[in-house]
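> Pasting a structure below so you can have a look.
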Amino acid sequence: MWLWLLRSLAWAVLSPAAASGLSPQESALLRSLGLSHKPSPKSPAPVPPVLWRIFHKRRTLPGPQAELESCRVEELNVPGSIVRVFADQGRFLPEGQPQGRLCLRKLLFFNLSALEEGERLTMAQLELRFHHSSYHGPSPGQVLELRLYRASPRGLPRPGRGPLLERSFVQLRKSLLFDLSAALKAGEAPARNLALLLEISASGGPGSPRSLCGASDAFAATSLLLVTLGRQCGAARSRRSAPSPPVTPSPLCKPRRLYISFSDVGWENWIIAPQGYLANYCGGECPFPLAAELNSTNHAVLQTMVHSLDPQGTPQPCCVPVRLSPISILYYDNSDNVVLRHYEDMVVDECGCR
């Protein structure tokens, strides 16, 4: 199925008839990747280092170990097949009354509409990044207090609810990580939007409130990393590593080498890595009598027998994939979020007569 879609996609993208829009084959393949249309990143964000580490680790794992980790993110020690990083789309808010020692008040807003039905949240990690001129508590006894609340899209804290988290710091480091998995009810489908209210204030010690806050431009950016389990991880499948397709040609049904280049199908501007992969395909004959190494079913054996008696009325069995393996793809989605996703059934490992 994948091979047919990719071949049809290559023809459709390169043909003049497809110049005005997407072909049905390309649309079908994009939907299978969880995309409503072909992404066209306008201002692509840098790939977070954690996604690069996970991606490169999976590419270097041997076949059986990669299969075991196909529905688990070992780098983060959680189950998961999809890792997304959402950029903050919120805004700074007035400090309000009383101002006191409040240094910063910001609405954090994350559009989670890219999540698909059936995904199960397993981890949510908020990262706050600051410039080198971070806020300081300049004297003994002075600390900075950070509070995070669930909020409405207007930036108002949810009534009757305390903060999701509270932390105190003598100095805010360049990057702070907070686990929000429990707060966002890990294991359940998250909401389509997430609004949070961030407040940083100074307390303790002498000095004016503003002098305790440090540089006003210290805040850099915020992002939310979500790990989810896709529906393909509902049932584990046992597999073993497959040999590479033979170099010497054979007329019998076997895997054949096929390299898919994403630039050939016009996807190089939104797929970050890999640039392509060895997909393979099945080709060759299923002659009578069927040999044991052709991975034949009982039905195929009987069909070849009938074909030998009636070649015109009964076709030979077909050479088709009987075992496939996954790959991981790092790409930008339709909202310019960076996504690392594990896709099943992308590489033909074994063929058989069916």
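The values are calculated or read from the model by the stated rules, or taken from the named source; none is laboratory data. Since the model is a prediction, treat every value here as computed from it, not as a measurement. We place every Cβ from the backbone using ideal geometry, glycine too, and count neighbours over all the protein chains shown. These accessible areas exclude ligands, DNA and RNA; they are computed on the full protein's heavy atoms, side chains included. Shrake-Rupley method; radii C 1.70, N 1.55, O 1.52, S 1.80 Å.
> For segment 302-317, give me each residue that is farther than 18 Å from residue 282 by Cα and either without any contact (Cβ under 8 Å) to a residue 12 or more places away in the chain or of a type in the set (S, T, N, Q) (or both).
302, 303, 304, 306, 308, 309, 310, 311, 312, 313, 314
> Of all residues being of a type in the set (S, T, N, Q), in a loop (DSSP other than H, G, I, E, B) and open to solvent by 70 Å² or more (accessible area, probe 1.4 Å) in segment 278-336, which is farthest from residue 223 (Cα to Cα)? Just the residue, please.
312
> Moving to a separate point now. Is it the case that residue 201 is surrounded by 15 or more Cβ atoms within 10 Å (Cβ to Cβ), at pLDDT 75 or above and not in a loop (DSSP other than H, G, I, E, B)?
For residue 201, the condition - surrounded by 15 or more Cβ atoms within 10 Å (Cβ to Cβ), at pLDDT 75 or above and not in a loop (DSSP other than H, G, I, E, B) - is met.
> Could you look through segment 245-267, keep only residues that are among the charged types (D, E, K, R) and modelled with pLDDT of 90 or more, and pick out the one that is most open to solvent (accessible area, probe 1.4 Å)?
Restricting to residues being among the charged types (D, E, K, R) and modelled with pLDDT of 90 or more, the top hit is 257.
> Go through (1) more than 27 Å from residue 118 (Cβ to Cβ); (2) open to solvent by 30 Å² or more (accessible area, probe 1.4 Å); (3) modelled with pLDDT under 55 and name the single condition residue 18 misses.
That leaves (2) as the condition not met.
> Now a separate question. Just to be sure before I move on: is residue 184 in contact with a strand residue (DSSP E or B) (Cβ under 9 Å, 6 or more places away or on another chain) and at pLDDT 70 or above in the structure I sent?
In short, yes.
> Then there is this: Could you identify the single residue in 133, 223, 168, 208 that is modelled with pLDDT of 85 or more and closer than 23 Å to residue 101 by Cα?
168
> Based on what the data block shows, is residue 44 more than 23 Å from residue 346 (Cβ to Cβ) and either at pLDDT 85 or above or not charged (D, E, K, R) (or both)?
Criteria met by residue 44.
> Mind listing whichever residues of segment 252-272 are farther than 30 Å from residue 296 by Cβ and not in a loop (DSSP other than H, G, I, E, B)?
Listed by number, the residues that qualify are 261, 271, 272.
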